[in-house]
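Here the structure comes first, spelled out in structure tokens, and everything after it is commentary.
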Amino acid sequence: MSEQRRLSLKVLKEFHKAGVLKDLVLIGSWCHYFYRAYFNDAPEIPLVRTLDLDFLIPKRQLAKTKADVPEVLAGLGFEPLRQYPSGLVKYGHPDLEVEFLVPERGRGEDRPVRIDALGINAQALRFLGILGDHTMEVRHEGLPIRLPEPAAYVLHKFIVARRRARPEKEERDLLAAKELGEFLLGDAVQRVKLREIFTDLPLKWRRKVLDSVKSESKPLYDCLTNPF
């Protein structure tokens, strides 16, 4: 087991002990590890884990369990990393970095959002509602871990990839979305979910998805535009 994976599981276990794991949705590339396990270790699902362990608080009012999250992370060797001038605080370890996110509201928020119940602040980003509105729970080593539905994860990746400042990150996101998305097409239930979640998106978001999908995957494009 790699040190990254070992430490990631320790973070999840300690959050569970503190009673806050149920209020969080694990997002980002670490989802691939759990998706692969959920689909019986399917090799078609790429493992693209990074140093970032990202947690979404889908609805700010749901973080009701009081816990000193910075103290929990400090017990695992994480140190607060304050970004200036924004004031956002992430938590760094030589093997991993933990960050908390919330869906952006209205026209945007240029300051971190304080989550008093957890003793943290979180970064507000656009399009995260897709992930928070469509979640699933998996069990791993006795832990109940909330993840975005794989279909929602794929659609979100296709939206945000084009917004990446670095071309290598855009390319990585598009490839991950393509490979996972095309795998989902082979599952009748997941294929329906792809179409249903896509249809529920605002029109502008659907256009962003199709703009990305069209050049990356004809099977996915056909599914989203001609489902039957």
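The values are calculated or read from the model by the stated rules, or taken from the named source; none is laboratory data. Because the structure is predicted, anything quoted here is derived from the model rather than measured. Every residue, glycine among them, receives a Cβ derived from its backbone with ideal geometry; neighbour counts consider all protein chains shown. Quick note on the areas: whole protein, heavy atoms, side chains included, nothing else; ligands and nucleic acids left out. Shrake-Rupley method; radii C 1.70, N 1.55, O 1.52, S 1.80 Å.
Sum -39500 (n - 2.57) across every DSSP H segment of at least 4 residues in the chain, then divide by the residue count to get the 222 nm mean residue ellipticity, nearest 500.
Working: 9 runs with 100 residues, N = 228.
About -13500 deg cm²/dmol.
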**Request:** At 0.36 nm per residue, minus the direct Cα-Cα distance, what do residue 110 and residue 126 gain on full extension? Give it in nm, one decimal, please.
**Result:** 4.6 nm
**Asked** Measuring with a 1.4 Å probe in the full set of protein chains, what accessible area per residue, in whole Å², belongs to segment 84-228?
**Response** 52 Å²
**Asked** Residue-wise, which Karplus ³J(HN,Hα) couplings in Hz belong to segment 149-160, taking 6.51 cos²θ - 1.76 cosθ + 1.60, θ = phi - 60°, and x for glycine or proline?
**Response** 3, x, 5, 5, 4, 4, 5, 4, 4, 5, 6, 7
**Item:** Relative contact order (percent, whole number), segment 6-84, Cα cutoff 8 Å, 6+ residue spacing
**Value:** 37 percent
**Request:** Quick one: which residues, 5+ away or cross-chain, put their amide H under 5 Å from the amide H of residue 124? H built at 1.01 Å from N.
**Result:** 102, 113
**Message:** Please list the three semi-axes, largest first and in whole Å, of the ellipsoid equivalent to segment 106-219, using sqrt of 5 times the eigenvalues of its alpha carbon gyration tensor.
**Reply:** 25, 20, 14
**Request:** Determine the sum of side-chain charges near residue 134: Lys and Arg each +1, Asp and Glu each -1, restricted to other residues whose C-beta is under 12 angstrom from that of residue 134.
**Result:** -2
**Fully extended contour minus Cα-Cα distance, from residue 175 to residue 141, at 0.36 nm per residue** = 9.3 nm
**Asked** Hey, any idea what % of the chain's accessible area is carbon plus sulfur with a 1.4 Å probe?
**Response** 48 percent
**Fill in**
For segment 67-159, shape from the Cα gyration tensor axes a ≥ b ≥ c, cut at a/c of 1.5 then a/b versus b/c, turns out oblate
**Fill in**
Put 175, 185 in order of accessible area, largest first, probe 1.4 Å, and you get 175, 185
**Item:** Derived scalar couplings ³J(HN,Hα) [segment 204-217; Karplus, 6.51 cos²θ - 1.76 cosθ + 1.60; whole Hz; x for Gly, Pro]
**Value:** 4, 5, 4, 5, 5, 4, 5, 4, 7, 5, 4, 8, 10, 7
**Prompt:** Which ³J(HN,Hα) values, rounded to whole Hz and listed in residue order, are derived for segment 122-136 from phi using the Karplus coefficients 6.51, -1.76 and 1.60 in 6.51 cos²θ - 1.76 cosθ + 1.60 with θ = phi - 60°, glycine and proline given as x?
**Reply:** 10, 8, 8, 10, 5, 6, 6, x, 4, 6, x, 7, 9, 10, 9
**Fill in**
Non-local residues with an amide H under 5 Å from the amide H of residue 135, with H modelled 1.01 Å from N and Pro and chain starts lacking one, are 149
**Length-normalised contact order of the chain in % [C-alpha pairs under 8 Å, at least 6 apart]** = 17 percent
**Message:** At a 10 angstrom cut-off on C-beta neighbours, averaged per residue, how do the peptides 148-161, 88-101, 197-210 rank from highest to lowest?
**Reply:** 148-161, 88-101, 197-210
**Message:** I need the Kirkwood Rh of segment 1-82: take the reciprocal of the average 1/r across all distinct C-alpha pairs and report it in angstrom.
**Reply:** 14.0 Å
**Request:** For 16, 134, give the ranking by accessible area with the largest first, probe 1.4 Å.
**Result:** 16, 134
**Request:** When a/c is below 1.5 the answer is rounded, else prolate if a/b is larger than b/c, else oblate, so apply that to segment 178-228 with a ≥ b ≥ c taken from the square roots of the Cα gyration tensor eigenvalues.
**Result:** oblate
**Prompt:** Over segment 1-146, what is the percentage of antiparallel beta bridges among all DSSP beta bridges, to the nearest 5?
**Reply:** 70 percent
**Asked** Please state the Cα pair-distance histogram of the chain with 10 angstrom bins from zero: what percent is in each bin?
**Response** 7, 33, 37, 19, 3, 0
**Asked** Picking from 67, 42, 117, which is most flexible by a Gaussian network model of the chain using Cα springs under 10 Å?
**Response** 42
